[in-house]
Amino acid sequence: MANAGISSPAMMFEQSDDHKPVMWLRGYPLFATHVIVGVYVISMLVTTLAGQGGMMAMVQYLGFFSEGVLRGQVWRALTYGFVNPPGIGFVIDMILLVWFGLELERFFGRKVFLRFYGTLYLLTPLVFTLLGFLRPTDVVGATGGLAVFVAFATLYPNAAMLFNLLAKWVAGVLVGVYTLMHLFSRDVVSLTALWVTVGFAFAFVRYEQGRLQFPNLRLASFSRRPKLRVLPKPSAHAELSDEEEEEDSMSEVDALLDKIAKSGIDSLTPKERQRLEKAREQLMKRETPRR
């Protein structure tokens, strides 16, 4: 087996705070993913207690309406996800988020995951606002569950799912089914939002893996002569900064080892292999006694 002989990441390298739980509740670790799901669940309970009439009032004040946003009611792009009536769709979204979002957070760390989900959360109202110039659009409720699963399938494409189906095939089937549903109902707005969020999830993971590079656009300089700068001599403080950067990079190794344990060493990208090899060399240098 590809993962034979691999030790636990916690046994080889100390986890950074970014990869540790936010808090512990009666011995159970709580990550940022759990907090997000908890907020959604509380909003669902509040919506349920408010009833049909109360929910309509919440939609009027908190729901996303492109016409209202274009008139300056920008808070609607942030509050639309807090109106969640109970239903099977809500349960499925929460399962996708807590299950696969937790794997993303454990691999990339809390900061990267929050940046990913925060951008994902704002993408839907952004798309709906732009399409609102053509016709009014609206949306309420939690979103992004499918995109989170697509991000997981991009990170672990060969992970076995239900009935031993690979994650990449399950993600492709789900995206294809939702696409056909929107095409059948001629819902161009929902179709556009689907592909934008799914495409972002795929591109985000590829970029964090180092497998997707964006062009570096530099503005032309208008100065006639280049400016010369005197570089300071390297000091002990600079050397300490380099050592701190090396120690920070070691926090990523536990996530790489977790990836090897799940998908095998062949799943590592060339950039990830270089990080792992660099960490190994640093560990050997620390263990070698100085003369």
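The values are calculated or read from the model by the stated rules, or taken from the named source; none is laboratory data. Note that this is a predicted model, so its numbers are computed, not measured. Neighbour counts are summed over all protein chains in view; Cβ atoms, including those assigned to glycine, are modelled from backbone coordinates with ideal geometry.
Here are a few things to note about the model shown:
- Residues of the stretch 16-65 classified as touching a strand residue (DSSP E or B) at 6+ places or on another chain (Cβ under 7 Å) and under 26 Å from Leu126 (Cβ atoms), total: 3
- Leu131 surrounded by fewer than 18 Cβ atoms within 10 Å (Cβ to Cβ), modelled with pLDDT under 95 and within 25 Å of Met56 (Cα to Cα): yes
- Subset of the stretch 107-126 (residues that are of a type in the set (D, E, K, R) and either surrounded by fewer than 19 Cβ atoms within 10 Å (Cβ to Cβ) or not in a helix (DSSP H, G or I) (or both)): Lys111, Arg115
- The stretch 28-47 residues that are under 17 Å from Val112 (Cα atoms), paired with ones that are of a type in the set (D, E, K, R) and not in a helix (DSSP H, G or I) (beta carbon under 6 Å, 6 or more apart): none
- Residues satisfying the stated conditions in the stretch 148-184, i.e. surrounded by 13 or more Cβ atoms within 10 Å (Cβ to Cβ) and polar (S, T, N, Q): Thr154, Asn158, Thr179
- Of everything listed in (1) modelled with pLDDT of 90 or more; (2) not in a helix (DSSP H, G or I), the single unmet condition for Arg224 is (1).
- Selection over the stretch 42-70 of residues that are surrounded by 16 or more Cβ atoms within 10 Å (Cβ to Cβ) and of a type outside the set (S, T, N, Q) gives a count of 10.
- Among the residues of the stretch 70-100, the one identified as closer than 21 Å to Phe31 by Cβ and among the small types (Gly, Ala, Ser) is Gly81.
- Residue, modelled with the lowest pLDDT, within the stretch 149-169, restricted to residues that are more than 20 Å from Thr33 (Cβ to Cβ) and not in a loop (DSSP other than H, G, I, E, B): Leu162
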